[in-house]
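Working notes, beginning with the structure itself.
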Amino acid sequence: MAGYLTLDDVETAGRRVLVRSDLNVPLDGGEVADDFRIRAALGAVERLRSKGSVVVLCSHLGRPKGPDPTYSLAPVARRMEELGGYPVRHLPTLVGREVTEAVGGAEPGDVLLLENTRFHPGETSNDPALATRLADLADLFCQDAFGSVHRAHASTVGVAARVRSVAGPLLVSELEALGELLEDPPRPFVVILGGAKVSDKLGVLSAMVGICDVLVLGGGMSFTALAAEGYPVGRSLTEGEMVSTLRELLDGPDGGKVILPEDVVAAGQFRADAPFRVTDARKIGDDEMGLDIGPNAARRIAETCEGAGSIFWNGPMGVFEWEAFRSGTETVARAVASSGAFSVVGGGDSAAAIRLLGLENRVSHLSTGGGASLRLLEGKPLPGVEILEKWVR
C-alpha cells in the first residue's frame, strides 16, 4: 500500500505543519457527544508537539451550506484540550488575516484548530485559490483524515498538491489494516455486511464476494436479498431496484458463499417499543417488518467467526439503537471481538456498536472511516492518498 512519505521520513522540528484530521463528530447541545475520532486524531498532534512543531489542524464537521454556528469546531477544540492536557486555540475562520497572523505568531508546540472547512464555499469544489491559501500556512502537510481521503476537496487533495505532504500515523494504520485484507487475508476470510441499503454497499459486496470465503448479510440489506430469493419480506426495508442485481450475484459462481439470516425479529411498526416476535426469515407476515436478525442467525454468524482467520465487519444487523432490536448486532460484535481472528470493523454504526459494548480494544483494527474503508475494499482509488505519491522522490 506504500507510495507515500510518513512523518518518519521528514523533519518536523520547528516547522509549521498543517494536519488534515477527521474531527467530524456528533454534537449534542453544543458539546461533543462521541469523542472517538478526536481521540484517534491525537496521535499525530502529540507526535508533532513532541518534536516542537506548530500544529495547525483543519477538518470538516457535518454538511453545512456555509457558515453555521451549529457546526462550529469550537466544542471540538474544548474536548481536544481536555483529552490532550494542552491548550488548543480555536480560530473563528478557515483562512484570512486573523489565521495568517495566528499561525505566524505561534510557538513550537502550539496547537491551533481552524474553523470548519465546509464553511468555505471552495472546500468541496477543490477550489485552487482556497487550496493555495491553506498551503501557504504550512511548511508541511500531514494527511491524517482517513475518513475524508475518498473526497477530492481543497483540504484533502488541493493543499496536498501544493506543499510537501505526508501520511499521518492514523492514515497509515488504516491503510495497512485494510490493505492486509485485500492483499493476503488470513483464511478463512469472513465478511459481514449489514446496514440499511444494498445500494450503499454494492461495490464492496461485489468485490468481497470474489475474495472472501464466507459473506454474511444482515440488517436491512438482507431483506432485499431475501426478496431476490423469492421470499416474502412484508413491509421490511427493501430496494426493489436492487433485487435483480442481487439475484444475479446469488445465482453466480460465488453465490454459495453468501449466508442470509434464517430467522428475524419482526414487528408490525417501526417503533422502539413495538411488540415483536421471532420468525422464520422466509415467513415474514405481510404486515410485518424485520428489525433485527434472529437468535439462530446470530448464533450461526458467531460460529462462523469462531473458525475465521480474518474478519471484516461493516454495518449493524438491525436497529441496534433500540434495545429490543439490538441482540443480533450485540451477538455479532461479541463474536468478532472474541474470535481470535485478524478483525477489522468498518466505521459508522458497526464501530459505534463495538464501542457501545466496550469491545473496542478487543478487535485488531477499528476504522474511523466507513465510506473510505468501503471504497478502498471496492478497489477504487482514494484521491487524498493518491496525491501523496507526488512527494515521493
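The values are calculated or read from the model by the stated rules, or taken from the named source; none is laboratory data. All of these numbers come straight from a predicted model, not from anything done at the bench. Note that each Cβ is placed from the backbone with ideal geometry, even for glycine, and that neighbours are counted across all protein chains shown. All accessible areas refer to the heavy atoms of the entire protein, side chains included, with ligands and DNA or RNA removed. Shrake-Rupley method; radii C 1.70, N 1.55, O 1.52, S 1.80 Å.
You will find that of 368, 329, the residue that is within 28 Å of residue 237 (Cα to Cα), among the polar types (S, T, N, Q), assigned to a helix (DSSP H, G or I) and touching a helix residue (DSSP H, G or I) at 6+ places or on another chain (Cβ under 8 Å) is 329 and no other.
Taking the stated definitions as given, is residue 270 assigned to a loop (DSSP other than H, G, I, E, B), surrounded by 21 or more Cβ atoms within 10 Å (Cβ to Cβ) and aromatic (Phe, Trp, Tyr)?
Considered against the rule, which asks whether it is assigned to a loop (DSSP other than H, G, I, E, B), surrounded by 21 or more Cβ atoms within 10 Å (Cβ to Cβ) and aromatic (Phe, Trp, Tyr), residue 270 comes out as no.
Looking only at the range 222-257, residues that are buried (at least 22 other Cβ atoms within 10 Å of the Cβ) and within 17 Å of residue 300 (Cβ to Cβ) come to 3 in all.
The rows are residues; the columns are (1) out of contact with any Gly (no Cβ under 7 Å at 6 or more places or on another chain); (2) closer than 16 Å to residue 90 by Cβ.
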residue: 34; (1), (2): yes, no
residue: 38; (1), (2): yes, yes
residue: 44; (1), (2): no, no
residue: 47; (1), (2): yes, no
residue: 55; (1), (2): yes, yes
residue: 60; (1), (2): yes, yes
residue: 68; (1), (2): yes, yes
residue: 72; (1), (2): yes, yes
residue: 79; (1), (2): yes, yes
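May I ask you to list the residues in the range 61-112 that are open to solvent by 10 Å² or more (accessible area, probe 1.4 Å), within 20 Å of residue 47 (Cα to Cα) and either among the aromatic types (Phe, Trp, Tyr) or part of a helix (DSSP H, G or I) (or both)? Selection gives 78, 79, 81, 82, 83, 84, 86.
Screening residue 21 with (1) crowded, with 16+ Cβ neighbours inside 10 Å; (2) in contact with a Lys or Arg (Cβ under 6 Å, 6 or more places away or on another chain) gives one miss only, at (2).
Residues that are free of Cβ contacts under 8 Å to residues at least 60 places away in the same chain, open to solvent by less than 30 Å² (accessible area, probe 1.4 Å), within 25 Å of residue 353 (Cα to Cα) and outside any strand (DSSP E or B): does the range 164-182 have at least one?
no
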